[in-house]
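Undergrad: I have a structure here, written as structure tokens, and I will follow up with some questions on it.
The values are calculated or read from the model by the stated rules, or taken from the named source; none is laboratory data. Keep in mind the model is a prediction, meaning the values are calculated, not measured. Don't worry about glycine lacking a Cβ; one is built from the backbone with ideal geometry, like all the others, and counts go over all protein chains shown. Accessible surface areas use protein heavy atoms only, side chains included; no ligands, DNA or RNA. Shrake-Rupley method; radii C 1.70, N 1.55, O 1.52, S 1.80 Å.
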Amino acid sequence: MEYNHRETEQKWQRFWDENQTYRTDISPNKPKYYVLDMFPYPSGAGLHVGHPLGYIASDIVSRYKRLKGFNVLHPMGFDSFGLPAEQYAIQTGQHPAVTTEQNIARYIEQLKNIGFSYDWSREVRTSDPAYYKWTQWIFMELFRSWYNKDTDRAEPIETLLEKFATNGTTDVNAVCDEDTPTFTAAEWNAMSKRESYEITLKYRLTYLADAVVNWCPALGTVLANDEVKDGVSERGGYPVEQKLMRQWMMRITAYADRLLTGLDTIDWSESLKEQQRNWIGKSVGASVKFPLVKEERRKGGEEERNLDAVSPSSFIEVFTTRVDTIYGVTFMVLAPEHELVPQLTTPEQRAAVEAYVNAAKMRSERDRMADTKTVSGVFTGSYCINPLSGEKVPIWLADYVLAGYGTGAVMAVPSGDQRDWTFATHFGLPIVQILDTQKDLDKQADNTKEGHYINSGIINGMTYQEATQTLIAWLEERGLGKGKVNYRMRDAVFSRQRYWGEPVPVYFKADPDGKVLPYLIDESDLPLELPAVDKYLPTETGEPPLGRAEGWRYHPKGKANTSPSPETGEGRGEGYEYELSTMPGWAGSSWYWYRYMDPKNETSFASKESINYWRNVDLYIGGTEHATGHLLYSRFWNKFLKDRGYVPEEEPFKKLINQGMIQGRSNFVYRVKGTGVEGTAPVFVSQSLLDGRDVTPLHVDVNIVENDVLDVDAFQRSRPDLAEGATFELDGDKYIVGAEVEKMSKSKFNVVNPDMIVEKYGADVLRLYEMFLGPLEQAKPWNTNGIDGTFRFIRKFWRLFYGENSDGSDKWLVTDEEPTPAELKILHKTIKKTQDDIENYSFNTTVSAFMVCVNELTALKCHKRAILQDLVLILSPFAPHITEELWAALGNEPGTVSKASFPTFNPAYLVEDAFDYPIQINGKVRTTISFAIDRAASDIEKEVLANEVVQKWLEGKQPKKIVVVPKRIVNVVV
RNA sequence: GCCGGGAUGGCGGAAUAGGUAGACGCGCAGGACUUAAAAUCCUGUGGGCCGUAAAGCCCGUACGGGUUCGAUUCCCGUUCCCGGUACCA
């Protein structure tokens, strides 16, 4: 009987479910191993064959580690808040919870079909109130914390209040808002409760701020930078504009340095770490103040040129990484959006400046970035003073300076910076050499740090190091500047003007003087559940969808609710207004790996016991698209939770692997141009007969193509719109289709559903084939064609155990005979290869080793239990169903293959007594000769030289040299 | 532009402390079994040359150099492809 994959696989999947085979509990006497997949967003389209790639790899590692004696935590859940469900709700009125539930059910069914060893009792869903209760709680903890730069960690807000009460702001070294006032202890203690509370809001790790955000009018929501691609929303592709809005922010910048240095402690790919480093964008330099020229201020005339009113005072502040080049500054460049521009513009220059600023506004960010060749800029008419040289420096505007980075102003040093050089050359501004080593300044800038300074006042003759130190000290002494570290990374916007997300556990209360401030709801009121709304759109007044929830107001327990609505003044006694925005997509995914440790806990996000046992993720597998989003935010929250003593590890994901994307392989049919239109019958030509004919390629469903041969009948049946009355020009009796690698997508008719593969070939075959396709981290196209190889392998493997009696019934072939050395060698070579390859995540080569093993055992007609039982075990991580079946057939307790031990590799079986040496003449192999392993090199030399083939190549000459590498090669140099 | 990764048969890919390039699989070709097909099994399969055959020779890991007894592997330069990105002061 042939192996029946359908019956067997379903049987074991049911068994595992019913017996909770993969249920995991804490067992302190076993080492732990935590294998995590990036949990999916359950989309309506279901899984395609590309999705499970990483899940299969992680499942193999999980099963392998179990056999190796580890207690393995391997859970799965769903990142179930998100835009598509909300978009669907807007269109259909269907509550997102309903569609999400349906999609999850389908995902679970598909996942269970593939035989993953997840502990499903630990499943989490971010949209479940029992889950997001703790997302909200973490938000509250962030609100209740500040970042102490002295201890370099987050602390409860109470430690800040103590400092204020005893010493005011003197001892406080915190990450906080720019406009935070300084005060004494006495001043602090004299403040009203409201005043002091308002001050603490500037220190908390989550805070309200007016932020320029990516506002997407079509989606009615704010998007994170990484959700915007090329000026349109990543999901949906709608236009996005910049808008100033009051938003909840996360002070992730407080952690910038730790996020950077932590990268050195984790085992992630270099490219991924580099992406995070670039995103954080640390640069070390100095900020310098350039005072504005006083005479300019005087003769400015009446028109708003009162520079004394300019905030904060009369200077331009720049950030530079090359303060040593300050004597080379010949002009100043501001971003067109810089706040001082209106005040700095002289009446003569006003028209030109306004034209330039407007033109810059019109150009999209994209245009400005794409166009780096054109030089543009305009002079404001004003000057500032170089604080070092005392020279007058003209102030220009140019759009190569970005408002959002540094201070939005640059001190231009054309001799050292290429952009400044280009600008100076274009506008005829002077270029001053400042280092004796700079050369070819008439052709380009030279950014060298070598040599000694010239034309440079107090640093003349110094080297780079000396000059930098001297200048920073000089500037700090005079309050004109200081050493500064600048980061590209900004604080993260945490608000979304949408419905399907976690409500923010905050309400607003107006104080007697009318000032409205945010307050946390009481912890006992968590979870703050999403209210029902009539529509999932913003309100008519532009409020987020939660503004539609009727009577949704906060009523603190045991307190009078007397605050009127801050907007309307109405609603006295009806409770307080809630925050109406919801949390972003990354909130729920920034801590989920902890919830798996203790998913049902109602008193904390996970028990201390479980967290201290499982600690962090040993292996994390997922896509590279989360490089700067999820993976950065998760590290941020993890560090915060560690600071506050809730978790023990600084980094959440020790080892991370990015699985490569599985691309689609599209198939095409070719319709002759001019046919199939206006009632004419279409003519399709086989790809093999094209030969330059004028045709239109059309996508054809890959599921009706086999080995690039089209099932013509199926094509005509499934696409009557295309193939009605068509004629086909065949190559022999075959229509050969064309092929191209594209993204896997419905519109390209190249989606392959894993369910179909499982039905036809079995889950074990799907698992083996996905691994066999190539290295895990590499992107590769899916081509169902090759799957026959792994299908045959499984059946060949089965035939080592079962044959057929003459009446057609099953014949059990396994015997208890003693294995031969040759059989043991095959087995142990495969054991070694399997464990080495799994430890190196090289799954494709493991599958090939299994094939070799089964081929060799088949050739030897080996049916011995002593060999096959171990082979079942080492194959079980890859093909759990068939091995579970055979494990039971071998007489083991059913369902226990995952609870056995990985066979021990015994090198003794691999010892060879002879080696076939390739014999090279001048580096080319001419023959091979077998020598005993312990044969002396001099003996080998002699025998090689005596060899007939070697003699022939020597042509009677004496060899120059003979290289003998034991157990490798012999090379005779003539 | 910069950063990271890559380029090996018709195809997916193997082999790097430098040591027989093309494991394994697909596809293809031929054969066995079968009334036939499917399934299965066997043989061959980088290109070229020479041969009836056996055997043998030459070329070959994107391209051009180099180091070495020996290079897919190391070094220098070039081209192309994929991913990322920031005009970052």
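Undergrad: Return, ordered by residue number, the residues of segment A:836-850 whose backbone nitrogen is under 15 Å from a label point located 7 Å along Cα→Cβ of A:Q778.
TA: Label zone hits: A:841-848.
Undergrad: Let me ask something additional. With r as the distance between the Cβ atoms of A:H555 and A:Q465 and R0 = 51 Å, compute the FRET efficiency 1/(1 + (r/R0)^6) and round to 0.05. Don't skip to the end; give the middle numbers.
TA: On the way: r = 64 Å, r/R0 = 1.25.
Calculated value: 0.20.
Undergrad: Gain in length, A:A932 to A:Q20, computed as 0.36 nm per residue apart minus the alpha-carbon separation, to one decimal in nm?
TA: Stretched out fully, the A:A932 to A:Q20 stretch lengthens by 322.9 nm.
Undergrad: For A:N29 paired with A:N447, estimate the spin-label separation in nm (one decimal), with each label point 7 Å from Cα along the Cα-to-Cβ line.
TA: So the label points at A:N29 and A:N447 sit 6.2 nm apart.
Undergrad: Given 0.36 nm per residue, what is the gain on full extension from A:S271 to A:H699 after removing their alpha carbon distance, in nm? Can you show the working numbers first?
TA: On the way: separation 428, 0.36 × 428 = 154.08 nm, distance 3.50 nm.
Taking 0.36 nm per residue and subtracting the Cα distance, the gain is 150.6 nm.
Undergrad: Ignoring everything but the protein chains, give the 1.4 Å probe accessible area of A:V375 in square angstrom, nearest 10.
TA: Accessible area, nearest 10 Å²: 40 Å².
Undergrad: Okay, moving on. With the Cα gyration tensor of segment A:662-751 in hand, convert its eigenvalues to equivalent ellipsoid semi-axes via √(5λ) and list them largest first in whole Å.
TA: Numbers: eigenvalues 81, 41, 33 Å².
So the equivalent ellipsoid measures 20, 14, 13 Å along its semi-axes.
Undergrad: In percent, what relative contact order does segment A:581-686 have, based on Cα pairs under 8 Å that are 6 or more apart in sequence?
TA: Once divided by the residue count of segment A:581-686, the mean separation gives 24 percent.
Undergrad: Taking only Cα atoms, what is the 0 to 90° angle, nearest 10, from helix A:350-362's long axis to the longest principal axis of chain A?
TA: Once rounded, one gets 20 degrees.
Undergrad: Let me ask something additional. For segment A:1-103, just list the percent of Cα-Cα distances falling in each 5 Å bin from zero outward, please.
TA: Computed distribution, short to long bins: 2, 10, 14, 15, 17, 15, 11, 9, 4, 2, 1.
Undergrad: Give me the 1.4 Å probe accessible area per residue for chain A, excluding ligands and nucleic acids, in Å².
TA: 45
Undergrad: Given N residues in chain A, what is its alpha carbon radius of gyration divided by 2.2 N^0.38 Å?
TA: For chain A, the normalised Cα radius of gyration is 1.18.
Undergrad: With a cap of 10 neighbouring Cβ atoms within 10 Å, and only residues DSSP puts in a loop, list the GluC sites (Glu not before Pro) found in segment A:640-693.
TA: Working: sites: A:E649, A:E650, A:E678; in loops: A:E649, A:E650, A:E678.
Loop-located and lightly packed - A:E678.
Undergrad: Taking 2.2 N^0.38 Å as the expected size of a compact globular protein, what ratio does the Cα radius of gyration of segment A:378-426 give against it, to two decimals? It would help to have the intermediate numbers written out before the result.
TA: On the way: Rg = 11.2 Å, N = 49, 2.2 N^0.38 = 9.7 Å.
Ratio of Rg to 2.2 N^0.38 Å for segment A:378-426: 1.16.
Undergrad: Which net charge results for the neighbourhood of A:T330, defined as the other residues with beta-carbon distances under 10 angstrom from its beta-carbon, given Lys and Arg at +1 and Asp and Glu at -1? Could you put the intermediate results ahead of the total?
TA: Details: positive: none; negative: A:E391, A:D420.
Neighbour charge sum, excluding A:T330 itself: -2.
Undergrad: Carbon and sulfur: what percent of chain A's accessible surface (1.4 Å probe)?
TA: With neighbouring chains kept in place, the figure for chain A is 49 percent.
Undergrad: Angle between the Cα long axis of helix A:865-875 and the longest principal axis of chain A, 0 to 90 degrees, nearest 10?
TA: For helix A:865-875, the angle is close to 20 degrees.
Undergrad: In segment A:14-91, which trypsin sites (Lys or Arg not before Pro) fall in coil by DSSP and have 13 or fewer other Cβ atoms within 10 Å?
TA: Within segment A:14-91, the qualifying trypsin sites (Lys or Arg not before Pro) (loop, at most 13 other Cβ atoms within 10 Å) are A:R23.
Undergrad: Another question, then. Quick check: net charge around A:L910, other residues with Cβ under 9 Å of its Cβ, Lys/Arg +1 and Asp/Glu -1? Please report the intermediate quantities before stating the final value.
TA: Working: positive: A:K825, A:K829, A:K832; negative: A:E912.
Neighbourhood net charge equals +2.
Undergrad: Once both axes come from the Cα atoms, what is the angle between helix A:52-67 and the longest principal axis of chain A, in degrees from 0 to 90, rounded to 10?
TA: 70
Undergrad: If the chain between A:K608 and A:D816 were fully stretched, how many nm would it gain, using 0.36 nm times the residue separation less the Cα-Cα distance?
TA: My answer for the length gained is 69.8 nm.
Undergrad: Looking at segment A:416-476, which GluC sites (Glu not before Pro) are in a loop (DSSP not H, G, I, E or B) and have at most 16 other Cβ atoms within 10 Å?
TA: Answer by residue number: A:E450.
Undergrad: If you don't mind, another one. Using the Cα centre of chain A as origin and beta-carbon charges of +1 (Lys, Arg) and -1 (Asp, Glu), tell me which of A:F494, A:I458, A:V333 is placed farthest towards the positive end of the dipole.
TA: Result: A:I458.
Undergrad: Here's another thing I want to ask about it. Taking R0 as 25 Å, what's the FRET efficiency between A:S688 and A:S43 from their Cβ-Cβ distance, rounded to 0.05?
TA: For A:S688 and A:S43, the calculated efficiency is 0.10.
Undergrad: Give me the Kirkwood hydrodynamic radius of segment A:914-973 in Å, from all C-alpha pairs, to one decimal place?
TA: When all Cα pairs of segment A:914-973 are included, the Kirkwood radius is 11.3 Å.
Undergrad: For labels at A:E7 and A:A859 in the simple 7 Å Cα→Cβ model, what's the distance in nm?
TA: 3.4
Undergrad: Return the FRET efficiency for the residue pair A:N753, A:D525: r is the Cβ-Cβ distance, R0 is 51 Å, and the value is rounded to the nearest 0.05. Provide the component values of the computation, followed by the final result.
TA: Details: r = 44 Å, r/R0 = 0.87.
FRET efficiency, A:N753 to A:D525: 0.70.
Undergrad: How big is segment A:56-123 by Rg and Dmax over its Cα atoms, in Å?
TA: 15.9, 51
Undergrad: From zero up to wherever the largest Cα-Cα distance of segment A:861-943 sits, split into 5 Å bins and tell me the percent of pairs in each.
TA: Spelled out bin by bin, segment A:861-943 gives 3, 11, 16, 14, 8, 7, 7, 9, 11, 7, 5, 1, 0 percent.
Undergrad: How large is the charge dipole for chain A, taken about the Cα centre, if only the Cβ atoms of Lys, Arg (+1) and Asp, Glu (-1) carry charge, to the nearest 20 debye?
TA: Its charge dipole is roughly 1520 debye.
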